[in-house]
Structures are given as structure tokens and as C-alpha cells.
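Beneath this line is the structure, given in C-alpha cells, with notes to follow.
The values are calculated or read from the model by the stated rules, or taken from the named source; none is laboratory data. This is a predicted model, so every value here is computed, not measured. All Cβ positions, even for glycine, are placed from backbone atoms using ideal geometry, and neighbour counts span all protein chains on display. Side chains are part of the model used for accessible areas, which takes the heavy atoms of the whole protein and leaves out ligands, DNA and RNA. Shrake-Rupley method; radii C 1.70, N 1.55, O 1.52, S 1.80 Å.
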Amino acid sequence: MWRWRLPRLFLAGGGPGGVAVPRAGLKKYVLPPDYTGITFPERTKLKFMDKVPAVPKVRREPRQLRDIRGPSQEATDFIQGQYGILALGGGYLHWGHFEMIRLTIGRSMDPKTMFAIWRVPAPYKPVTRKSLGHRMGGGKGPIDHYVTAVKSGRLVVEVGGRCEFGEVKPFLTQVARKLPFPAIPISRDGLQQMRQEEEEKKLNNQNPWTFERVVTANMLGMRKYLSPYDLRLKGRYWGKFFLKHRV
């Protein structure tokens, strides 16, 4: 049987006479970010990188692993932007990687409110390659292309402006996945927090048998199996790879 019911607006618990009275509460809003200290460069987009240096190198250099081994000593901190791509390993950037970074960031960013700058130089290191079907011997082959050496802990590109990290993280992640070495998008605060966590991990380590102590004591005569780079870098870098879990 059909029964008539009062609407919820007139049920018990409302104001006088059973009518709901709207109430004003105390609302807390998040303060908008402050962009007063940000300065925009003349060109907001990434500039085009030359495929070949202006003065090409005539000498054919050998492959030097020291160019990508160990931690980077340059371009490790932000200078103008708030966000960027941080390399977590060593490798070489070809001219195609530069174009991929430039086009991906240029199509995704808003040039009126964002800007991007390079933190790596244009390709400068010559790489030789012999032609297909060439016989062995005959000396070192001719120069085929040029690359840029990148070490672990170096910033590849910086992005800044009147924007939040959530706006730039998607296309920075897209770029980082296509690089020939491990890389992650990171912000100024994230980089500082990551370094603090590494220091805390080193100070709060409860395992007495660290790599540095074992090598210093020359346990089991392991010095003859290690290279001088292992002693200097304390086992945290193996070739071009960065062993972030080792203390």
C-alpha cells in the first residue's frame, strides 16, 4: 500500500518547525604558492642543439669509461628552475635524445607561464664506427657521430615558472623513461629530501661491516681484486651504474 512520507528536508533534526537551516562553518583554504622570486629567461623554450660541434674534433678519441663513471661534480643543483630531470646513472646522450627532450617538453609546456633550460652541453665527444661489411684491421674507423657524457647525479634539464610539480611531472616522466640511463623527475624540495635521507641512512646504519671498513682492513686479501675507483668511490658506483642501496 502506498504511504506518504515527509521529504528529508522536513524530518527531525532540522531547525524550528522541522525546517533545515543552513549553517556557516569555519573553512580553511590552502594559501596559493608564491612565485615572486622567479625570473624568466629571454627564451622560454629549449634551444636547438647542433648535431656536430662548430669546430669538429679531428682526433679520434678512445672510449673512456671515466667519462660516465662515478658521481657528477657539475650541474648537481638547481640554478633557475624548480623542477628537472635527475640522472641516476651514467650514459651518453645522442643528438636524437636532445631532439626528443626538446620536442616533448616544448609541446607539453605553456611558454607563457613556464620555461625550460638545458643543464648539459651539446654533443662534443666523437664516436667512431666502421662501415657495414668492412674487413677487420686498417686502424680506427672514421667519426660517425657525437655524444654528450652524463654522470650519475647530474641534472639534464630544468623546468620552472608559475606552475606546480603535478603539472610538469607527467611529461618529465615521459622524457625520463626514454633516456639511455636511469632518470627521475624531481623538484628542489625532493632533491634536498633525497640527500637528507642518504645522510640519515649513513648515520643510522647498524651494520658494522660496511664496504669501506672491509676494504680498509683488506679482509681476505680483496685489495688485489678491486680497482682504485672502487676504493675511491667506496663501492657505491659499479662502472656507469649507481648502487643506491649500498651504504
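A few remarks follow.
- Heavy-atom surface of the chain, accessible at 1.4 Å and reported per residue (Å²): 70 Å²
- One decimal place: the segment T113-R129 gains 1.4 nm when fully extended, by the rule 0.36 nm per residue minus the C-alpha distance.
- Environment charge of V214, counting only residues whose C-beta is closer than 15 Å and scoring Lys/Arg +1, Asp/Glu -1: +4
- Counting every C-alpha pair in the range 86-195, the share spaced more than 25 angstrom apart comes to 32%.
- Projected-area mean, the range 43-132, by convex hull of Cα positions, square nanometres: 8.0 nm²
- Accessible surface of K125, taken over heavy atoms with a 1.4 Å probe and every protein chain present, rounds to 10 Å².
- With the convex hull constructed from alpha-carbon coordinates only, the range 102-143 shows a mean projected area of 5.0 nm² over all directions.
- With a cut-off of 12 Å between beta carbons, the residues surrounding E198 carry a summed charge of +3, where Lys and Arg count +1 and Asp and Glu -1.
- C-alpha long axis of helix 95-108 to longest principal axis of the chain, angle in °: 10 degrees
- Per atom type, the range 122-247 shows carbon and sulfur on 53% of its accessible surface, probed at 1.4 Å.
- Straight-distance crosslink candidates among aspartates and glutamates, where the alpha carbon sits under 13 Å from K140 and sequence neighbours closer than 8 are dropped: E61
- Choice from W209, W118, W95 with maximal GNM fluctuation in the chain (Cα, 10 Å cutoff): W209
- Projecting the Cα atoms of P185, V175, N204 onto the dipole axis of the range 161-247, where Lys and Arg carry +1 and Asp and Glu carry -1 at the beta carbon, places V175 farthest toward the positive end.
- Charge dipole (debye, nearest 20) of the range 157-247; +1 at Cβ of Lys and Arg, -1 at Cβ of Asp and Glu: 480 debye
- Dipole magnitude for the chain: about 780 debye, using +1 per Lys or Arg Cβ and -1 per Asp or Glu Cβ, origin at the Cα centre.
- Relative to its Kirkwood radius, the Cα radius of gyration of the chain gives an Rg/Rh of 1.23.
- Cross-link check: pairs K125/K240; K47/K130; K130/K178 evaluated at a Cα-Cα cut-off of 21 Å; pairs beyond the cut-off: K47/K130; K130/K178.
- With helices as the sole contributors, the chain gives -6500 deg cm²/dmol at 222 nm; each DSSP H run of n ≥ 4 counts as -39500 (n - 2.57), and the sum is divided by every residue.
- Basic side chains Lys and Arg get +1 at the Cβ, acidic Asp and Glu get -1 at the Cβ, and with that the dipole of the range 101-155 about its Cα centre reaches some 160 debye.
- Gaussian network model of the chain, springs between alpha carbon atoms under 10 Å - residue of G161, G96, G84 with greatest fluctuation: G96
- With all protein chains modelled, accessible area of T216 [1.4 Å, Å²]: 100 Å²
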